[in-house]
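Working notes, beginning with the structure itself.
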Amino acid sequence: MDAFQLLKADHKKVAKLFKQLEAASGKAKLSIFQNIKGELDLHAHIEEKFLYPALEKPEETHDLTLEAYEEHQVVKTLLAELSGAKAADDEWQARVKVLQENVEHHVQEEENELFDKADDALSDEEIEDLGNKMEAEKARETGQPVPKQVRANRAAGKANKGEPGILSKIADFVGLGSSASDTKTAKKRPVKRTSPPKSSKASAKGESKQSAGKTKSAAATKQSTKGKGSKRFRPAKSASSATKKSGTRSRKKASKK
């Protein structure tokens, strides 16, 4: 059931009741008003329970939904004030006119703005599901059986979502379901260890040998460089020290003579 078609049908029904109220007189007005009140109360109930919560989240319908809540509150206040009347006097009829104008304004905003934006914000499946829920709720509130088509649509929706049936739930609980058997199979299945191919092992060995050779050659080069460096950079004897030593020798020779 399309949610918007269901709500538009409610709008048309209430509009007809208002026309009947205008044409009626005396106590007939009060009787028709009670029908209007029942329709509006139920209509507001299913919108606030299912439709408006779904439209509060999307950005494009958020503000309009909050405004719709407030308009519902105004209508509920007027309905409460009018329902206590015992006669359809002029003051009462004036308030009924105010109620009708508020309802008509609310209907225009819903059908011309909110529903159009909601149609873009929600998927076809979501709109259908909302319609089924609202229709089932209306049946329960009025004491009528839920239509077979609604039950079939809701059952099909659950099946499409992959919700398990009662038999599969029982089977899973006792360990006979597919989930339990899959778990057991997963436990028994050995874990295979993957080993790298031989070619990769050989290449790895070659690379390790090559790196070892490079390390040895580098060490040898370093050692030879150290040896050469020690001979190359040996400090030479200074001229002053050589002169001092020759003078000492000549004095020793003169004393011997």
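Side notes on the structure shown:
- Distance violations [Cα-Cα > 27 Å] among K19/K133; K13/K133; K8/K37: K19/K133
- Qualifying chymotrypsin sites (Phe, Trp or Tyr not before Pro) for the stretch 32-88 [loop in DSSP, other Cβ within 10 Å: at most 14]: none
- Among residues other than K27 with Cβ under 13 Å from its Cβ, the summed charge is +1 (Lys and Arg +1, Asp and Glu -1).
- In a fully extended conformation the segment linking A139 and L66 would gain 23.6 nm over its present Cα-Cα distance, using 0.36 nm per residue.
- Three-way shape call for the stretch 38-156 based on the alpha-carbon gyration tensor, with the a/c threshold at 1.5: oblate
- Taking 12 Å as the cut-off, the amide N atoms of the stretch 51-81 that come nearer than this to a point 7 Å along the Cα-to-beta-carbon line of R95 belong to 77-81.
- At full extension, D119 and A80 could sit 10.8 nm farther apart than now, given 0.36 nm per residue minus the alpha carbon distance.
A short reminder: the numbers here are calculations on the coordinates, not readings from a lab. Just so you know, these numbers come straight off a predicted model, no measurement behind them. Note: ideal-geometry Cβ built from the backbone for every residue, glycine included; neighbour counts use all protein chains shown.
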